[in-house]
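> Pasting a structure below so you can have a look.
The values are calculated or read from the model by the stated rules, or taken from the named source; none is laboratory data. Because the structure is predicted, anything quoted here is derived from the model rather than measured. Don't worry about glycine lacking a Cβ; one is built from the backbone with ideal geometry, like all the others, and counts go over all protein chains shown.
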Amino acid sequence: MEKPIYREILLQYINKQEPEQPILTERIAKYAAVCLGVDEDKVKKAVNVNMARLEKADLLIRVTKGVYCRKIKTPFGYYRPNKETVFCNQLLRDDTGAIGYETGLSALNKLGLVSQMPNRRSIATNLHNKRVPKEFQVDVRKPVTTITESNYKYLQFLDAVRGLAHAPVDVLKPELVLRGTAKDFDLNTDILILFARKYYNQKTLLKTIDILLEGVYETA
């Protein structure tokens with residue numbers, strides 16, 4: 001197979017990706033195999049070689065081993081996506097949907113429960129065994145169960161409830177913030193309580209029920 005054909009196939013795939021979308025060599029190898037009608041094993045080496053050449057040609061940015069992102073040309077020059085953001089994005093979603101979510105103090109900050117801005121970002125992900133490059137301020141955590149598109153918002157909410165006991169919460173009514181979050185996430189109360197019972201401790205379960213019931217009482 002001629003090198004220009006591989007280059008054309010890879011660029012076709014790469015140019016479809018968003019600027020901060022991680023481009024994994026394993027995924028692009030599957031794409032190339034389908035395009036060429038051959039087994040994936042037969043294209044892996046050529047894909048790796050050509051990805052390295054595209055990086056050398058300044059068309060790609062290498063984030064870490066096996067992970068790249070696009071280098072985008074703009075009227076003001078080239079836009080270089082943040083490598084840490086690209087790395088985190090591969091921990092959050094894949095072709096099947098959600099595989100991770102932000103948790104810990106960084107998530108509580110984004111939810112408006114704490115004003116303290118943490119130095120590191122925490123992500124619960126199915127890829128919790130993945131090595132994080134030293135230069136990235138990211139902590140990877142093992143989730144309480146496998147994360148899917150249908151459950152990640154429930155788990156993120158319950159992580160926040162669990163974190164209230166140890167976090168420097170400085171908002172006056174954290175329960176009100178969390179009820180608003182549950183509404184914004186469109187969470188089903190029965191499923192939320194079921195997950196709290198199944199995957200979290202009793203303290204988190206009771207706190208979750210208190211937050212939800214207090215909202216019902218206030219409405220009544």
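> Can you pull out every residue in region 160-185 that is within 23 Å of the chain's Cα centre (by Cα) and without any contact (Cβ under 8 Å) to a residue 12 or more places away in the chain?
Within region 160-185, 180, 183, 184 qualify.
> Can you find even one residue in region 147-163 that is surrounded by 16 or more Cβ atoms within 10 Å (Cβ to Cβ) and in a loop (DSSP other than H, G, I, E, B)?
Yes, region 147-163 has at least one match.
> Name the one entry in 140, 132 that is β-branched (Val, Ile, Thr), surrounded by 18 or more Cβ atoms within 10 Å (Cβ to Cβ) and either closer than 26 Å to residue 88 by Cα or touching a strand residue (DSSP E or B) at 6+ places or on another chain (Cβ under 6 Å) (or both).
Only one candidate passes the filter, namely 140.
> Would you kindly identify the strands (runs of 3 or more DSSP E) lying entirely within region 50-120 that contain at least 3 residues that are over 21 Å from residue 7 (Cα atoms) and assigned by TED's automatic domain parsing to the domain that holds residue 27?
In region 50-120, no matching strands (runs of 3 or more DSSP E) lie anywhere.
> Without any contact (Cβ under 8 Å) to a residue 40 or more places away in the chain, exposed (fewer than 14 other Cβ atoms within 10 Å of the Cβ) and of a type outside the set (D, E, K, R) - does that describe any residue in region 111-119?
Yes - at least one qualifying residue is present in region 111-119.
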